[in-house]
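Encoded as structure tokens, the structure appears first; notes follow it.
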Amino acid sequence: GAMDHFIIRLFLIEAGIQGAIGTGAGIIMGFFVGLLGGIATYGWVAATALPVGGVLQSAAISLAIGVSLCVVFAIYPAYVAASMQPVDAMRVEE
């Protein structure tokens, strides 16, 4: 018997955390794959001439977009879950 706004808040917090972890992992893997590809193609010049400010700005924008998308697409399931009866929410269909 949780309140509707508590269930919605719980869904959105979970979506935000999952979005941050998933996007963060994607940023880290993408950075290293891109860096290794640049080193393989251009040599160590690609690592030394890396624009750190641009990389950090792109990572921040990507993180914001990833978390935002996860939260936006969790809104509808959160409202559906909040409007369900507790007995229906706990029922398992196989």
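The values are calculated or read from the model by the stated rules, or taken from the named source; none is laboratory data. Computed from a prediction, not measured in an experiment: that's the story for all the values here. Cβ placement follows ideal geometry from the backbone for every residue including glycine, while neighbour counts extend to all protein chains displayed. In case anyone asks, the SASA skips ligands and DNA or RNA and just uses the protein heavy atoms, side chains included. Shrake-Rupley method; radii C 1.70, N 1.55, O 1.52, S 1.80 Å.
Computed extension gain for residue 39 through residue 89, at 0.36 nm per residue and net of the alpha carbon distance, reaches 12.8 nm.
When the alpha carbon gyration tensor of the range 46-94 is reduced to an equivalent ellipsoid, its three semi-axes come out at 43, 12, 6 angstrom, largest first.
Convex hull volume per residue, computed on the Cα atoms of the chain, equals 110 Å³.
Once the C-beta distance of residue 12 and residue 60 is scaled by a Förster radius of 25 Å, the resulting FRET efficiency is 0.75 to the nearest 0.05. Accessible area per residue for the chain, computed on protein heavy atoms with a 1.4 Å probe, is 76 Å². Residue by residue, the range 49-62 carries 3J(HN,Hα) couplings of 9, 6, x, 4, x, x, 5, 5, 5, 5, 5, 5, 5, 5 Hz when phi is fed to the Karplus relation 6.51 cos²θ - 1.76 cosθ + 1.60 (θ = phi - 60°); x denotes Gly or Pro.
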